[in-house]
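The values are calculated or read from the model by the stated rules, or taken from the named source; none is laboratory data. Predicted model only: the values in this text are computed from it and were never measured. Note that each Cβ is placed from the backbone with ideal geometry, even for glycine, and that neighbours are counted across all protein chains shown. To get the accessible areas, we keep the full protein, side chains included, count just its heavy atoms, and leave off ligands, DNA and RNA. Shrake-Rupley method; radii C 1.70, N 1.55, O 1.52, S 1.80 Å.
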Amino acid sequence: MSATLHVEETAFGKWFLKTETWRVHVLERAMADLVRLIPERQASYGVVVDVGCGSGYSLPKLAQRFAPRELVGVDIDPQMLALAGAEARAAGVGVRLAEASSSRMPLPDGYADLLFCHQTFHHLVEQEEALAEFLRVLKPGGLLLFAESTRRYIHSWIIRALFRHPMEVQRTAPEYLQMLRSAGFVVPEASISYPYLWWSRGDLGILERWFGVQPPKEREETLLNLVAVKPA
């Protein structure tokens, strides 16, 4: 696999994916937000694909919320896939794991009912190709659950110091929205959310949590959650 397809995460970044902060304040809150944004949510979705499944903490959560008959985890990092497999086994969740780039998934056309992409996209170098791949893999009417950090956050000093990303491809929230729509997805306005969580702020939320200073209403957003639909 070409090393140009992704930027290798730091040791700190891989450690962070195992922490309670990641499980609760990042992953769980994003998933809860995404679920409420789904238009006409169904009781179950036949095939659910977790793109960039990482250490696998999302897999039991996806199984619980969407009751798929098949759950697929895709990641380019074999070490992360090993952790994801162990996490799924510990939770008693069946999953098929695939070592692959998000822009070259070993899945047939129109295979998935729901695709989950959480805090993965800003790691990708081939972003346009990945969106085309998402569209290809989804069934007509299928859903893309997309949760992402924006350029404002990725370019902040603390993230630059602790993590590693392809900096030249980072985008603002409006740019991500335009990118998804240009790729062919439908993104209803009612299915878009801009959480402004403490960990996504330059001061880590200290001004609000310690001193009661409310964040400005006019700001450059640091997080974007949305549900996009492949046209039927």
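Residues that are open to solvent by 40 Å² or more (accessible area, probe 1.4 Å), free of Cβ contacts under 8 Å to residues at least 60 places away in the same chain and in contact with a helix residue (DSSP H, G or I) (Cβ under 8 Å, 6 or more places away or on another chain) do occur in region 48-63.
Residues in region 145-185 that are of a type in the set (Phe, Trp, Tyr) and surrounded by fewer than 13 Cβ atoms within 10 Å (Cβ to Cβ): TRP157 only.
In region 192-209, the residue that is farthest from TRP22 (Cα to Cα) out of those that are touching a Leu at 6+ places or on another chain (Cβ under 7 Å) and not aromatic (Phe, Trp, Tyr) is ILE192.
In region 216-232, the qualifying residues are those that are basic (Lys, Arg) and surrounded by 10 or more Cβ atoms within 10 Å (Cβ to Cβ), and the one that is nearest to ALA147 (Cα to Cα) is LYS230. Of the residues screened, VAL213 is not one that is of a type in the set (Val, Ile, Thr), more than 14 Å from the chain's Cα centre (by Cα) and either open to solvent by less than 40 Å² (accessible area, probe 1.4 Å) or modelled with pLDDT of 95 or more (or both). Against the list (1) among the acidic types (Asp, Glu); (2) more than 24 Å from ALA32 (Cα to Cα); (3) open to solvent by 70 Å² or more (accessible area, probe 1.4 Å), the condition GLU189 fails is (2). Being within 30 Å of GLU220 (Cα to Cα) and either of a type in the set (Lys, Arg) or outside any loop (DSSP other than H, G, I, E, B) (or both) is a property that holds for CYS117.
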